[in-house]
Amino acid sequence: MQTITVNKEFEEMRLDRFVAKANKELTKIAIQKMIRTGNIKINGKKADAGAHLKADDVISIYSAPQKPTLSPTKKNLPPVEVVYEDEFFLAVNKPAGLITHPDGNKEDTLTDRIMNYLWEDLKQYNGMFVPGVINRLDVNTSGIVLAPKTPLSAKAMNEMMQKNKFTKKYLVLVKGNFQKRVKAVHYAIKNTELNKMELYNTPQPRAEEMITVFDPLDSNENYTLLSAQLITGKTHQIRAQLGKLGFPVAGDMKYGDMRTNRELKQEFGLSRQFLHCYSVSFPMWTDYSNVTVLCAPPSDLDNVLRALRIAFLL
């Protein structure tokens, strides 16, 4: 027999849905039959499938499949870099070169590192809650990624993301003298063969709208450091739009200028796109106060700015 004490995070969940979440080995039909025959009980008593649970209810599941002992799937990974944490969510600095989600090929991913970091906190959920990330970054982009620590936080943050309640800002270095604020609006169609976004200045059939606000922060005679605020969040958005505007992102091998990229690599060792998510703001769902998480650029980007004598104060 398997017994599970209901955590407050799962209060008001239906009995059948709770059991399905706790035992993914059981089919819906099997769960319904076990409830009808009394092989699944609440506090030792037979209950309906639609019964709503309360915190500290004890669910008894007779003849349930034996679940393996929970343990981190990958133990020998580098630690995640935490930039902010409270009881509700975690903000980490994703390094360039690290993918966010497992893809079947990589042994090290950001979500694996987050899982390892939160492992002790996750034990209370008996495998019923696995942390994911709210926002994701391209593999060669660094910066802030948010991960909820509880099921309620995950629900609230995903709902806010769907309603576009997050304000995300990126540091981006471009070739050229970008002189004033620009609200860039383009219409993008993905070229699947090249894995690139083709941008147009006017609406097109099947095109997705891209909107970004670019603000110049500092510059020298050849380069400008921008703050880019995403209004929409489409594939390759910042890099594709700046390339279309004639200000290629430093180090960008897909939409950038190859000659500039070679020079930056030879002179300063820049081997990836100069793109870093440095600020994420959103209203806290518990009291509607505004939360802002900040993250300074990593050393590879900071070294380029120092060499170019371009300033950035977080």
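Here is a yes/no grid of residues against (1) assigned to a strand (DSSP E or B); (2) surrounded by 20 or more Cβ atoms within 10 Å (Cβ to Cβ); (3) of a type in the set (Ser, Thr, Tyr):
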residue: Leu152; (1), (2), (3): no, no, no
residue: Lys155; (1), (2), (3): no, no, no
residue: Met160; (1), (2), (3): no, no, no
residue: Val172; (1), (2), (3): yes, yes, no
residue: Ile189; (1), (2), (3): yes, no, no
residue: Glu193; (1), (2), (3): no, no, no
residue: Met197; (1), (2), (3): yes, yes, no
residue: Pro205; (1), (2), (3): no, no, no
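From the residues in segment 82-105 that are more than 25 Å from Glu9 (Cβ to Cβ) and in contact with an Asp or Glu (Cβ under 9 Å, 6 or more places away or on another chain), which one is surrounded by the most Cβ atoms within 10 Å (Cβ to Cβ)?
Ranking the qualifying residues of segment 82-105, first place goes to Lys94.
Report the residue count in segment 133-148 for those that are in a loop (DSSP other than H, G, I, E, B) and either in contact with a strand residue (DSSP E or B) (Cβ under 6 Å, 6 or more places away or on another chain) or open to solvent by less than 30 Å² (accessible area, probe 1.4 Å) (or both). Before the answer, list the steps.
Of segment 133-148, the ones in a loop (DSSP other than H, G, I, E, B) are 133-141.
Filter once more, keeping what is either in contact with a strand residue (DSSP E or B) (Cβ under 6 Å, 6 or more places away or on another chain) or open to solvent by less than 30 Å² (accessible area, probe 1.4 Å) (or both): 133-135, 137, 141.
The total comes to 5.
How do the pairs read when you match residues in segment 11-27 that are over 13 Å from Ile59 (Cα atoms) with residues anywhere that are in a helix (DSSP H, G or I) and not aromatic (Phe, Trp, Tyr), using Cβ under 8 Å and keeping only pairs 6 or more apart or on different chains?
Within 8 Å, the pairs are Leu26/Val19; Leu26/Ala20; Leu26/Met34.
Could you tell me whether segment 42-57 includes any residue that is surrounded by 11 or more Cβ atoms within 10 Å (Cβ to Cβ), at pLDDT below 90 and on the phi > 0 side of the Ramachandran plot?
Within segment 42-57 (the criterion being surrounded by 11 or more Cβ atoms within 10 Å (Cβ to Cβ), at pLDDT below 90 and on the phi > 0 side of the Ramachandran plot), the answer is yes, since at least one residue qualifies.
Within segment 294-314, track down each residue that is of a type in the set (Val, Ile, Thr) and in contact with a Ser or Thr (Cβ under 7 Å, 6 or more places away or on another chain).
Ile310, the sole residue that qualifies.
Going by the structure shown, is Met115 more than 13 Å from the chain's Cα centre (by Cα), in a loop (DSSP other than H, G, I, E, B), farther than 22 Å from Lys196 by Cα and not small (Gly, Ala, Ser)? Explain how you work it out, then say what you get.
On the way: more than 13 Å from the chain's Cα centre (by Cα): yes; in a loop (DSSP other than H, G, I, E, B): no; farther than 22 Å from Lys196 by Cα: yes; not small (Gly, Ala, Ser): yes.
When the stated conditions are applied, Met115 does not pass them.
All but one of (1) over 20 Å from Leu226 (Cβ atoms); (2) more than 21 Å from the chain's Cα centre (by Cα) hold for Ser153; which doesn't?
(2)
Within segment 13-40, how many residues turn out to be farther than 21 Å from Pro151 by Cα and hydrophobic (A, V, I, L, M, F, W, C)?
The number of residues fulfilling the criteria is 7.
Would segment 177-188 turn up any residue that is modelled with pLDDT of 95 or more, closer than 29 Å to Asn93 by Cβ and under 23 Å from the mean Cα position of the chain (by Cα)?
Taking every residue of segment 177-188 in turn, at least one turns out to be modelled with pLDDT of 95 or more, closer than 29 Å to Asn93 by Cβ and under 23 Å from the mean Cα position of the chain (by Cα).
Residue-by-condition table, conditions (1) touching a Phe, Trp or Tyr at 6+ places or on another chain (Cβ under 7 Å); (2) in contact (Cβ under 8 Å) with a residue 24 or more places away in the chain; (3) closer than 30 Å to Arg309 by Cα:
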| site | (1), (2), (3) |
| --- | --- |
| Asp121 | no, yes, no |
| Ile134 | no, yes, no |
| Lys155 | no, no, no |
| Gln162 | no, no, no |
| Lys168 | no, yes, yes |
| Gly176 | yes, yes, yes |
| Glu198 | no, no, no |
| Thr202 | yes, no, no |
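The values are calculated or read from the model by the stated rules, or taken from the named source; none is laboratory data. Fair warning: this is a prediction, and the values are worked out from it, not measured in the lab. Positions of Cβ are generated from backbone atoms using ideal geometry, with glycine treated the same way; all protein chains shown enter the neighbour counts. Accessible surface is based on the protein model in full, side chains and every heavy atom, while ligands, DNA and RNA are left aside. Shrake-Rupley method; radii C 1.70, N 1.55, O 1.52, S 1.80 Å.
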